[in-house]
Amino acid sequence: MSDALFSPAAARNAPPIAELLKRVLPSSGLVLEIASGSGEHAAYFARALPALLWQPSDPDEAARRSIVAHARTAGLANLRSPLAIDATRAPWPAARADAVIAINMIHIAPWDATIGLMAGADATLPDGGVLYLYGPFRENGAHTAPSNAAFDDSLRARNASWGVRDIEAVAAAGRAHGLHLVERVAMPANNLSLIFHRGRRDPGAQIGTRSGG
């Protein structure tokens with residue numbers, strides 16, 4: 001039996017995410033993906049952005065086996081073998097990266113994972129480096145759609161430490177580690193992309209808002 005796992009959500013959201021990543025990621029360098037899950041995203045993005053070197057990771061052994069299986073099928077020279085990274089445990093076994101991405105991670109993990117993600121990105125990224133987050137978020141204390149509210153309820157029923165996060169809290173966690181939210185992009189299925197830059201930011205600058213996908 002193949003070790004490859006498949007996620008219908010990953011297949012659906014990979015194309016619009018890839019189109020946005022083409023704009024917000026550096027033109028070359030190393031991209032570290034935290035919580036890569038099945039590995040479908042890593043294979044898709046490595047093919048869509050061949051000038052970038054992709055480093056998937058996941059704390060779960062079954063997920064890492066799936067990543068290896070998808071990478072073997074893809075046969076791409078710019079897709080590395082997965083690392084065992086738990087966002088909450090420092091230091092990460094990846095000294096440097098030009099960008100860090102985490103897709104559908106922080107709502108299916110305790111809040112400590114968000115804090116660890118910000119701390120790890122701060123330690124890993126250069127000044128001006130990009131942290132990209134994707135998933136459902138609350139804004140101004142409210143869900144952006146009834147479906148997200150129902151999803152939040154289901155997450156908290158499964159694990160009381162999980163849940164859809166407030167953008168304001170996520171942005172504050174980033175600022176505490178030198179990561180500044182510079183853009184919010186609306187995505188399909190009531191999801192959002194949040195783009196952070198590491199380093200100094202003009203305190204008078206405004207957060208950009210766009211529609212994507």
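Here are the numbers for this structure:
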{"quantity": "Matching residues in region 18-73 - criterion: being of a type in the set (V, I, T) and out of contact with any Gly (no Cβ under 8 Å at 6 or more places or on another chain)", "calculated": "V24, V31, T73"}
{"quantity": "Selection count where residues are out of contact with any Phe, Trp or Tyr (no Cβ under 8 Å at 6 or more places or on another chain), assigned to a helix (DSSP H, G or I) and closer than 22 Å to F6 by Cα, scope region 65-112", "calculated": "11"}
{"quantity": "Selection status of R65, without any contact (Cβ under 8 Å) to a residue 60 or more places away in the chain and among the basic types (K, R)", "calculated": "no"}
{"quantity": "Residue match in region 28-43 (condition: crowded, with 17+ Cβ neighbours inside 10 Å, polar (S, T, N, Q), in contact with a helix residue (DSSP H, G or I) (Cβ under 6 Å, 6 or more places away or on another chain) and within 15 Å of A99 (Cα to Cα))", "calculated": "yes"}
{"quantity": "Odd one out for Q55, checked against (1) buried (at least 18 other Cβ atoms within 10 Å of the Cβ); (2) more than 15 Å from the chain's Cα centre (by Cα)", "calculated": "(2)"}
{"quantity": "Count of residues meeting criterion [in contact (Cβ under 8 Å) with a residue 24 or more places away in the chain, assigned to a loop (DSSP other than H, G, I, E, B) and more than 22 Å from V182 (Cα to Cα)] in region 1-32", "calculated": "6"}
{"quantity": "Test: residue in region 82-93 that is β-branched (V, I, T) and either closer than 22 Å to P136 by Cβ or free of Cβ contacts under 8 Å to residues at least 40 places away in the same chain (or both)", "calculated": "yes"}
{"quantity": "Members of region 129-176 found to be within 13 Å of I195 (Cα to Cα) and either part of a loop (DSSP other than H, G, I, E, B) or out of contact with any Leu (no Cβ under 9 Å at 6 or more places or on another chain) (or both), listed by number", "calculated": "G129"}
{"quantity": "Output for region 88-112, where each listed residue is farther than 25 Å from P16 by Cα and of a type in the set (A, V, I, L, M)", "calculated": "A90, A94, A95"}
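No value in this document is a laboratory result; all are computed from the given coordinates. It should be emphasised that the depicted structure is a prediction, and the values quoted were computed from it without experimental measurement. Neighbour counts run over all protein chains shown; Cβ positions are idealised from the backbone, glycine included.
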